[in-house]
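Engineer: To start, I am sharing the structure in question, which I have written as structure tokens.
Just so you know, all these numbers are worked out from the coordinates, no wet-lab data involved. Bear in mind that the values here come from a model prediction, so they are computed numbers and not experimental data. FYI the Cβ positions are ideal-geometry reconstructions off the backbone, even for glycines, and counts take in every protein chain you see.
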Number of protein chains: 2
Amino acid sequence: MNFMRRPLIFVTNDDSYRSRGIKLLVEIMLKFGDVILVAPTTQQSGKSHSITVHDPLRYHKIVEQDNYSAYVCSGTPVDCVKIGFNILMKDRKPDLLVSGINHGSNASINTIYSGTMAAVFEGCAENIPSIGFSLDCHSAEADFNHCIEAIEKITKNVLENGLDEGVCLNVNFPEKELKGIKVCHQAKAYWNEDFVERKDPMGHSYYWLTGVYYCKDDDKSADYNVLSDGYAAITPMQVDFTAYKVIDRYKTRFEK
Amino acid sequence: MNFMRRPLIFVTNDDSYRSRGIKLLVEIMLKFGDVILVAPTTQQSGKSHSITVHDPLRYHKIVEQDNYSAYVCSGTPVDCVKIGFNILMKDRKPDLLVSGINHGSNASINTIYSGTMAAVFEGCAENIPSIGFSLDCHSAEADFNHCIEAIEKITKNVLENGLDEGVCLNVNFPEKELKGIKVCHQAKAYWNEDFVERKDPMGHSYYWLTGVYYCKDDDKSADYNVLSDGYAAITPMQVDFTAYKVIDRYKTRFEK
């Protein structure tokens, strides 16, 4: 891409506008272009591609500077993206959407639950080059300094060369120190859930969802394993979920 | 599969346990096996793969019969599946998970927003053969009679032959009359959103998300077009979102 003017970069996340990760992401993106942030007012982890259709939405401007404006939205990450595209950036589409930096890995099966990655898929479906950045550490005080150089490198590359239509990037960083960058595939993994039972003051049961993560993928180029080895894992992802490899066989099975 | 005993079939949806679609789906599934229904208490359309992590969940049994029991759950469709797998079916995993029949199409990009299909992806990630059934009509009074024969045929086929690991089915029916069944791919499409502004009694703005659907896929074997032509559209889908076609090129771009 050749930019006649500074690129316009859309920043969002699912941890809310107050998280350390999004504040740092804004700082980095301001080196590359003008930034509009639209982020959830409250924590939206695990909201996936949820949209708010049975309740109204609200948004408010919280920062207005020459090259940076920020809004908070009452909804989910995908609501934030839709308000960004359809109200706040109606007259000029962004050149790039970045989501994160998430406090917690979105490698392997986590991508399907992730609000961070849902925002990225939404940008991708709207044909905007979109990248999700996540750190393999859930702490609110997480240190992201070792990721900055790689984020800048990836961002520069995507601003200059774009991404294939229908393809976005899911980038995950190890908690500490970075050995390098590897392009990989989504690991086969699952959560083994447990529900912790509690009793309310009336004696009725309620349950908290908890779980333990299992990776069942031995492949060294699976994102979870790349991350465990200390590399930044870039998994290119697509919004077309069709299982093309079975289509011909399933025609024979189901069309007769 | 050879069943020494009647198959156990897990039924869920996103329209809530009171919808016509799920009631019919239970009736159909009882012809094939024993049924456990776990469905949301309230409408959960557009909730995608959202899980409830910051609030507790509750569930209650509402039906107990010899070969059919039903539960309602305060959470999302994926919460229902997790409660089903980890509490109610802890000792015997289901042989099949079916979700729907949804009041409204989940073809093309709709699959990413859909609670119906999220339940199916969750079943698939847990290695249970999983099928989503949806009707291209949003009416609460929708007529599903023309779909019954095809649902029975597809269900029988999947119970007998299973599905490939990591693959599930997204089945969409036209509103009326069925010309046949076609296996297809997810159509390239998007929603052009609009936000309708209203004022609250204090004079502050709030917004309702609305939108118009656009299909930009001319391919006759795209699910949206197959459905528009009057056929049931079976789109095999996968929980691995990796864009394999770009991996080698992106290695060159990002690993250097």
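Engineer: Taking only pairs six or more apart or across chains, which ones have beta-carbon atoms under 8 Å, a first residue in segment A:177-188 that is farther than 17 Å from A:PRO236 by Cβ, and a second residue that is of a type in the set (A, V, I, L, M) and surrounded by fewer than 20 Cβ atoms within 10 Å (Cβ to Cβ)?
Structural biologist: From segment A:177-188, the pairs are A:LEU178/A:ALA150.
Engineer: Follow-up. Can you give me the number of residues within segment B:104-136 that are assigned to a helix (DSSP H, G or I), of a type in the set (A, V, I, L, M, F, W, C) and out of contact with any helix residue (DSSP H, G or I) (no Cβ under 6 Å at 6 or more places or on another chain)?
Structural biologist: Of the residues in segment B:104-136, 5 are assigned to a helix (DSSP H, G or I), of a type in the set (A, V, I, L, M, F, W, C) and out of contact with any helix residue (DSSP H, G or I) (no Cβ under 6 Å at 6 or more places or on another chain).
Engineer: Still on this structure, I have one more. May I ask you to say which residue of B:THR76, B:THR52 is surrounded by 23 or more Cβ atoms within 10 Å (Cβ to Cβ) and touching a Ser or Thr at 6+ places or on another chain (Cβ under 8 Å)?
Structural biologist: B:THR76
Engineer: Within segment A:40-75, track down each residue that is in contact with a strand residue (DSSP E or B) (Cβ under 7 Å, 6 or more places away or on another chain) and among the β-branched types (Val, Ile, Thr).
Structural biologist: A:THR41, A:ILE51, A:THR52, A:VAL53, A:ILE62, A:VAL63, A:VAL72
Engineer: A further question follows. Restrict the check to segment B:212-221 and report whether at least one residue is touching a helix residue (DSSP H, G or I) at 6+ places or on another chain (Cβ under 6 Å) and either surrounded by 14 or more Cβ atoms within 10 Å (Cβ to Cβ) or not aliphatic (A, V, I, L, M) (or both).
Structural biologist: yes
Engineer: Next question, about the same structure. Just the residues that are more than 7 Å from chain A (Cβ to nearest Cβ), farther than 14 Å from A:HIS185 by Cα and among the charged types (D, E, K, R), please, taken from segment B:224-254.
Structural biologist: B:ASP229
Engineer: So, one more: In segment B:201-223, which residue that is of a type outside the set (Ser, Thr, Tyr) and facing chain A (nearest Cβ under 9 Å) is nearest to A:TYR250 (Cα to Cα)?
Structural biologist: Filtering segment B:201-223 for residues that are of a type outside the set (Ser, Thr, Tyr) and facing chain A (nearest Cβ under 9 Å), the one nearest to A:TYR250 (Cα to Cα) comes out as B:ASP223.
Engineer: Regarding A:TYR250, is this residue crowded, with 16+ Cβ neighbours inside 10 Å and of a type in the set (Phe, Trp, Tyr)?
Structural biologist: In short, yes.
Engineer: Turning to a different aspect of this structure: I need the full set of residues from segment A:110-129 which are of a type in the set (A, V, I, L, M, F, W, C) and away from chain B (no Cβ under 11 Å), in order please.
Structural biologist: Residues satisfying the conditions are A:ALA119, A:ILE128.
Engineer: Also, I was wondering about something else. Just checking, how many residues over segment B:1-54 are part of a helix (DSSP H, G or I) and out of contact with any helix residue (DSSP H, G or I) (no Cβ under 8 Å at 6 or more places or on another chain)?
Structural biologist: Number of matching residues: 6.
Engineer: Do you know which residues across segment A:164-186 are of a type in the set (A, V, I, L, M, F, W, C) and over 16 Å from the mean Cα position of the chain (by Cα)?
Structural biologist: If the condition is that a residue be of a type in the set (A, V, I, L, M, F, W, C) and over 16 Å from the mean Cα position of the chain (by Cα), then A:LEU178, A:ILE181, A:VAL183, A:CYS184 are the ones that fit.
Engineer: Additional query: What's the number of the condition B:PRO174 fails, among (1) loosely packed, with under 15 Cβ neighbours inside 10 Å; (2) more than 26 Å from B:PHE241 (Cα to Cα)?
Structural biologist: Of the numbered conditions (1) loosely packed, with under 15 Cβ neighbours inside 10 Å; (2) more than 26 Å from B:PHE241 (Cα to Cα), the odd one out for B:PRO174 is (1).
Engineer: Any chance segment B:131-142 includes a residue that's within 16 Å of A:ILE112 (Cβ to Cβ), of a type outside the set (A, V, I, L, M) and touching a strand residue (DSSP E or B) at 6+ places or on another chain (Cβ under 8 Å)?
Structural biologist: Yes, segment B:131-142 contains at least one residue that is within 16 Å of A:ILE112 (Cβ to Cβ), of a type outside the set (A, V, I, L, M) and touching a strand residue (DSSP E or B) at 6+ places or on another chain (Cβ under 8 Å).
Engineer: Can you spot a residue in segment B:7-15 that is among the β-branched types (Val, Ile, Thr), surrounded by fewer than 24 Cβ atoms within 10 Å (Cβ to Cβ) and over 30 Å from B:TRP208 (Cβ atoms)?
Structural biologist: No, segment B:7-15 has no match at all.
Engineer: Anything in segment A:130-159 that is under 30 Å from B:GLY211 (Cα atoms), more than 12 Å from chain B (Cβ to nearest Cβ) and buried (at least 24 other Cβ atoms within 10 Å of the Cβ)? List them, or say none.
Structural biologist: Once the filter is applied, which keeps residues that are under 30 Å from B:GLY211 (Cα atoms), more than 12 Å from chain B (Cβ to nearest Cβ) and buried (at least 24 other Cβ atoms within 10 Å of the Cβ), segment A:130-159 yields A:SER130, A:PHE133.
Engineer: Would you say A:GLU193 is more than 7 Å from chain B (Cβ to nearest Cβ) and acidic (Asp, Glu)?
Structural biologist: no
Engineer: I've got another one for you. Does B:VAL78 fit the bill of being assigned to a strand (DSSP E or B) and either hydrophobic (A, V, I, L, M, F, W, C) or within 14 Å of another protein chain (Cβ to nearest Cβ) (or both)?
Structural biologist: Judged against the criteria, B:VAL78 is not a match.
Engineer: Which of the residues that make up segment A:87-103 are surrounded by fewer than 23 Cβ atoms within 10 Å (Cβ to Cβ) and either facing chain B (nearest Cβ under 9 Å) or in contact (Cβ under 8 Å) with a residue 12 or more places away in the chain (or both)?
Structural biologist: Hits for segment A:87-103 are A:ILE87, A:LEU88, A:MET89, A:ARG92, A:LYS93, A:ASP95.
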